[in-house]
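Report on the following structure.
The values are calculated or read from the model by the stated rules, or taken from the named source; none is laboratory data. Only a predicted model underlies this, so the values are computations on that prediction, with no experimental measurement involved. All Cβ positions, even for glycine, are placed from backbone atoms using ideal geometry, and neighbour counts span all protein chains on display. Just the protein is used for accessible areas: all its heavy atoms, side chains included, with ligands, DNA and RNA removed. Shrake-Rupley method; radii C 1.70, N 1.55, O 1.52, S 1.80 Å.
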Amino acid sequence: ANLTQGTNTTVAAGIIFGQWSELFVGSWGSGTELIVDNFTLAAQAKVRLIGLAMTDVGIRHGASFSVFKGALIA
């Protein structure tokens, strides 16, 4: 969102078209990690949760995907 279309700013969005079977997502480690932080927001009687997922994305053929940056948003 927030792309420029003509002389109007922040009125357009991008759309990705593609053959999604050509996209690969890899995951490493133990999957998703969840860390409980009892100290950072302790003065406000809150607990902070931090999530971490180690992933990477690859594309088999770059020509399988296309981006359209001029989709008008209402």
- Solvent-accessible heavy-atom area per residue, rounded to whole Å², over the chain at 1.4 Å: 81
- Please list the non-local residues whose amide H lies under 5 Å from the amide H of Ala71, H modeled 1.01 Å from N, same-chain partners needing a gap of 5 or more. Ala13, Ile15
- Let me have the relative contact order for the chain, percent, based on Cα pairs under 8 Å that are six or more residues apart. 42
- Would you mind putting 9-17, 42-50 in packing order, based on average other-beta-carbon counts within 10 Å, highest first? 9-17, 42-50
- Over the Cα atoms of the chain, what Rg and Dmax result, in angstrom? 19.8, 53
- Note on the structure: With all protein chains present, the chain has a carbon and sulfur share of its accessible area (1.4 Å probe) in percent of 59
- Message: Can you work out the Karplus-derived ³J(HN,Hα) for every residue in the range 12-26? Use 6.51 cos²θ - 1.76 cosθ + 1.60 with θ = phi - 60°, whole Hz, and x for glycine or proline.
- Response: 10, 10, x, 10, 9, 9, x, 8, 5, 6, 8, 9, 10, 10, x
- Task: Can you tell me the dipole magnitude for the chain around its Cα centre, using point charges on the Cβ only (Lys, Arg +1; Asp, Glu -1), in Debye to the nearest 20?
- Result: 180
- Query: What is the gain in length, in nm to one decimal, between Val25 and Gln44 on full extension, counting 0.36 nm per residue of separation less the C-alpha to C-alpha distance?
  - Reply: 3.0 nm
